[in-house]
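> Let me give you the structure first, and then I'll get to my questions.
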Amino acid sequence: LSDKGLQPGLSKVDAIVNFPTPKTPRQVRSFLGLVGYFKRCIPGYSELTYNMRRVTKKRDKAEWNEQCSVDFNKLKDLIVKAPVLMVFNPKKPSQVHTDACQLRLGAILLQYGEDGLLHPVMYISRATTEAEMRYHATELELLC
């Protein structure tokens with residue numbers, strides 16, 4: 001936390017950047033736990049972790065693949081370039097933008113800064129449950 005806002009600390013960023021490519025489901029869980037701490041700073045977090053989360057589930061029997069490697073490296077890159085999140089001020093105008101699809105839900109809370117521009121305060125995303133995957137698009141939007 002600084003006068004500019006909230007952003008990941010350098011030691012945590014270094015730990016993520018230097019994390020080796022996972023070879024086991026346990027290592028994938030460790031990486032997801034590490035980056036999950038910063039999910040509010042990462043736009044599209046749920047989408048980027050979808051394939052890796054499948055690797056950690058026994059019933060999916062998914063294996064690490066090229067898409068996992070692409071998402072793994074993209075997450076590392078996004079952590080390094082993570083935007084500074086504004087600290088929420090209840091006295092300033094805010095906007096919430098949402099989006100939903102069959103696999104995930106997402107939202108961003110934006111607030112006007114001193115420069116008159118919208119700045120991110122928080123990114124939110126999560127995977128839908130198996131039951132939610134059967135919802136109509138309108139119902140999914142209401143979950144956001």
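> log10 I(q)/I(0), Debye, Cα-only the chain, no solvent, q = 0.16, 0.18, 0.22 Å⁻¹?
Calculated log10 I(q)/I(0) at the listed q: -0.93, -1.09, -1.32.
> Another question about this same structure. How about residue 57: which lysines have a C-alpha closer than 17 Å to its C-alpha, ignoring those fewer than 8 places off in the same chain?
Within reach: 23.
> Also: Please find the FRET efficiency linking residue 12 to residue 91, where r is the Cβ-Cβ separation and R0 is fixed at 30 Å, and quote it to the nearest 0.05. Let's see the in-between values first.
Working: r = 31 Å, r/R0 = 1.02.
The formula returns an efficiency of 0.45 here.
> Still on this model: Only four residue types carry charge here, +1 at the Cβ of Lys and Arg and -1 at the Cβ of Asp and Glu. Report the dipole size of the chain about the Cα centre in Debye, rounded to the nearest 20.
Numbers: 21 positive and 15 negative charges, 131 e Å.
For the chain, the charge dipole is close to 620 debye.
None of the figures in this text is laboratory data; all of them are computed from the coordinates on show. This is a predicted model, so every value here is computed, not measured. Positions of Cβ are generated from backbone atoms using ideal geometry, with glycine treated the same way; all protein chains shown enter the neighbour counts.
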